Amino acid sequence: MIALTGDIEIGYDDVGVGTPAVFLHPFPCDRTFWAPQLGALVDHSRCVAPDLRGFGETTASPPFSMDQYADDLAGFLDAVGIQKAVLCGLSMGGYIALAFWRRHRHRVRALVLADTRATPDTDETLGRRRQLIDIARSRGAAAVADMQIGPLVGKSTRERNPELVDALHHMLENAPVDGIVGALEAMMARPDSTGLLASIDVPTLVVVGAEDAIISEDDARRLQSGIAGSRLEVIAGAGHTSSFERPAAFNHVVGSFLASLNYQ
Ligand code: MLT
């Protein structure tokens with residue numbers, strides 16, 4: 001489906017009824033990343049997955065920033081008639097969930113922060129992103145996919161599930177170059193959200209893949225310990241794309257979390 005909001009069209013999927021849960025995909029994926037969740041969590045919630053600006057069927061035009069992604073989301077929620085939602089963001093989706101909390105917190109029912117962090121880029125990461133921007137512009141999305149796919153999936157998935165790695169690579173190589181470059185620049189410029197964590201007063205679940213090469217379990221623990229009353233779940237045998245690699249385990253912890261909201 002397509003929603004019109006502000007200056008862009010947003011492609012999205014919307015299934016089920018009940019408390020809305022909005023799924024924010026990582027870089028450089030699209031909303032199909034969440035297919036294993038939408039199929040399974042539909043019994044718990046109205047599950048909505050938009051393509052972020054520049055990805056999938058959503059317009060790839062500037063400006064790109066975490067604040068802009070958050071404002072796109074607020075406009076999108078208006079367009080699809082959602083006042084308040086559980087936000088489930090993985091990696092870059094988590095950066096956006098934190099930006100949304102900063103700008104539109106009255107619209108957040110609860111948070112799932114998966115394989116993500118509150119801290120900004122290190123100098124080393126900034127350098128890697130500059131290199132990736134050059135590669136995207138000169139050699140296209142397939143070359144970016146070749147570079148990104150390694151760190152995105154865990155060792156167990158690489159060894160036992162090569163078809164899944166291929167499916168993810170296929171998603172990555174279809175990302176528009178403007179969306180890739182825009183997202184990289186937005187991530188590079190994102191502020192430190194550490195100071196924001198103490199203000200989070202909605203139920204929050206932090207999730208991390210035990211084999212995540214981008215966000216360590218210690219990073220996830222630091223994020224979780226900054227949010228009062230939050231819980232950490234570690235997904236065994238999964239890397240950075242924990243929901244995609246181990247959907248049954250991920251859906252179990254997120255499904256239980258969504259179900260628990262009905263009693264709070
Ligand atoms: C993502 O999965 O969204 C990216 O790996 C995030 C990042 O590079 O910081």
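The values are calculated or read from the model by the stated rules, or taken from the named source; none is laboratory data. Just so it is clear, the structure is predicted and the values come from calculations on it, not from any experiment. Here the Cβ positions follow ideal geometry from the backbone for every residue, glycine too, while neighbour counts run over all protein chains shown. Note: areas computed on protein heavy atoms with side chains; ligands, DNA, RNA excluded. Shrake-Rupley method; radii C 1.70, N 1.55, O 1.52, S 1.80 Å.
Considering Val181, Val207, Val202, which residue is under 18 Å from the mean Cα position of the chain (by Cα), more than 26 Å from Asp123 (Cβ to Cβ) and of a type in the set (A, V, I, L, M)?
None of the others qualify; the one that does is Val207.
Test Asp121 against the criterion of being within 19 Å of the chain's Cα centre (by Cα) and either open to solvent by 10 Å² or more (accessible area, probe 1.4 Å) or farther than 25 Å from Ala198 by Cβ (or both), and give yes or no.
Considered against the rule, which asks whether it is within 19 Å of the chain's Cα centre (by Cα) and either open to solvent by 10 Å² or more (accessible area, probe 1.4 Å) or farther than 25 Å from Ala198 by Cβ (or both), Asp121 comes out as yes.
This table checks each residue for (1) at pLDDT 95 or above; (2) closer than 21 Å to Ser256 by Cβ; (3) crowded, with 16+ Cβ neighbours inside 10 Å; (4) within 16 Å of the ligand (Cβ to nearest atom).
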| position | (1), (2), (3), (4) |
| --- | --- |
| Thr157 | yes, no, yes, yes |
| Val165 | yes, no, yes, yes |
| His170 | yes, no, no, no |
| Val181 | yes, no, yes, yes |
| Glu185 | yes, no, yes, yes |
| Thr194 | yes, no, no, yes |
| Leu197 | yes, no, yes, no |
| Leu205 | yes, yes, yes, no |
| Ala213 | yes, no, no, yes |
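Could you check, for the range 133-149, whether at least one of its residues is in contact (Cβ under 8 Å) with a residue 24 or more places away in the chain, within 14 Å of the ligand (Cβ to nearest atom) and farther than 23 Å from Thr32 by Cα?
yes
Show me the strands (runs of 3 or more DSSP E) found entirely inside the range 1-77 where at least 3 residues are touching a helix residue (DSSP H, G or I) at 6+ places or on another chain (Cβ under 9 Å) and free of Cβ contacts under 8 Å to residues at least 40 places away in the same chain.
Result: 46-50.
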